[in-house]
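Working notes, beginning with the structure itself.
The values are calculated or read from the model by the stated rules, or taken from the named source; none is laboratory data. This structure is a prediction, so every number in the text was calculated from the model and none was measured. Backbone-built Cβ (ideal geometry, glycine too); neighbour counts: all protein chains shown.
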Amino acid sequence: MHFGRHISGQFNVELESIRTHVLTMGGLVEQQLSYSMQALNKEDMELAQKVIHDDHKVNAMEVSIDEACTLIIAKRQPTAKDLRLVMAIIKTITDLERIGDVAARIARVALETPSTKHKHYHVSLETLSRQAIAMLHQVLDAFARMDVDAAADVYKLDNNLDIEYKAVIAQLTKNMMENPKNIPSILQVMWSARAIERVGDRCQNICEYIIYFVKGKDVRHLDEDDIYEHIK
């Protein structure tokens with residue numbers, strides 16, 4: 001991506017390097033989320049342990065990118081679109097780190113509820129998790145290209161995620177009423193469902209940052225229709 005002409009060609013190199021590191025972090029987070037769901041659904045304790053162990057890599061990348069952004073602000077004193085890019089990156093890596101936390105927590109659920117008799121509760125999360133992972137993948141692609149139209153398309157996918165989440169919660173609530181002795185395990189799955197649903201919200205945040213960078217408009221807290229008006 002070309003960010004514009006600067007007096008120092010090194011400035012472009014620094015901006016591109018940071019953006020590349022964000023995408024690397026995003027790829028790792030996507031992998032972590034995918035692995036955590038595989039660990040939960042397949043009762044793969046080794047994979048769950050790997051997700052938990054690798055969470056520190058996500059955290060370290062957030063710190064490293066944040067430091068690089070701080071250095072650019074101090075050294076280059078960016079203005080206008082350059083500053084918007086740096087701010088969008090700082091906000092994006094915060095949301096990516098939170099998604100990484102979700103993956104680690106789901107991996108811990110996999111370790112805490114390994115019994116096959118509860119596996120059918122975990123299966124109820126498969127569609128929800130697939131939708132969340134696909135949404136994350138698409139928003140990272142939109143970020144790589146800073147494509148506002150793609151970001152808007154990803155933004156509305158959260159509606160489908162919300163519908164699936166409500167269906168999962170309704171089914172799990174019914175299961176609790178029918179099998180009170182399994183309530184602790186079901187509550188763990190409910191927590192996982194809520195965490196996965198929040199991944200969609202984090203992806204929506206990243207969509208907003210993309211729009212902010214490209215259009216210079218803060219669309220946080222706006223209705224979906226109003227967001228589309230701002231990107232025209």
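Key figures for this structure:
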quantity	calculated
Pairs with Cβ under 8 Å, 6+ apart, first in the range 25-53 and crowded, with 18+ Cβ neighbours inside 10 Å and in a helix (DSSP H, G or I), second among the charged types (D, E, K, R) and modelled with pLDDT under 95	37/126; 48/108; 52/108
Subset of the range 72-117 that is modelled with pLDDT under 90 and of a type in the set (A, V, I, L, M) - its residue that is surrounded by the most Cβ atoms within 10 Å (Cβ to Cβ)	110
So residue 193, is it hydrophobic (A, V, I, L, M, F, W, C), over 20 Å from residue 100 (Cα atoms) and surrounded by 15 or more Cβ atoms within 10 Å (Cβ to Cβ)	no
Near pairs, Cβ below 9 angstrom, 6+ apart or cross-chain, from the range 165-185 (modelled with pLDDT of 90 or more) to any residue that is of a type in the set (Gly, Ala, Ser) and in a helix (DSSP H, G or I)	165/193; 165/200; 168/193; 169/193; 172/193
Some residue of the range 3-16 being within 27 Å of residue 130 (Cβ to Cβ), in a helix (DSSP H, G or I) and touching a residue at least 12 places away in the same chain (Cβ under 8 Å)	no
Residue in the range 138-145 that is under 19 Å from residue 195 (Cα atoms), under 17 Å from the mean Cα position of the chain (by Cα) and at pLDDT below 95 present	no
Test for residue 149: is it surrounded by fewer than 20 Cβ atoms within 10 Å (Cβ to Cβ), in a helix (DSSP H, G or I), modelled with pLDDT under 95 and among the acidic types (Asp, Glu)	yes
Test: residue in the range 68-75 that is assigned to a helix (DSSP H, G or I), among the basic types (Lys, Arg) and within 26 Å of residue 131 (Cβ to Cβ)	no
Single residue of the range 54-71 satisfying the filter (hydrophobic (A, V, I, L, M, F, W, C) and more than 19 Å from the chain's Cα centre (by Cα)) that is surrounded by the most Cβ atoms within 10 Å (Cβ to Cβ)	69
Residue check, residue 163 among the β-branched types (Val, Ile, Thr) and closer than 25 Å to residue 39 by Cβ	no
Conditions (1) modelled with pLDDT of 95 or more; (2) charged (D, E, K, R); (3) out of contact with any helix residue (DSSP H, G or I) (no Cβ under 7 Å at 6 or more places or on another chain): number failed by residue 50	(3)
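Residue by residue, here is whether (1) among the hydrophobic types (A, V, I, L, M, F, W, C); (2) out of contact with any Lys or Arg (no Cβ under 8 Å at 6 or more places or on another chain); (3) more than 15 Å from residue 91 (Cβ to Cβ) holds:
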{"residue": "164", "(1), (2), (3)": "no, yes, yes"}
{"residue": "175", "(1), (2), (3)": "no, yes, yes"}
{"residue": "190", "(1), (2), (3)": "yes, yes, yes"}
{"residue": "213", "(1), (2), (3)": "yes, no, no"}
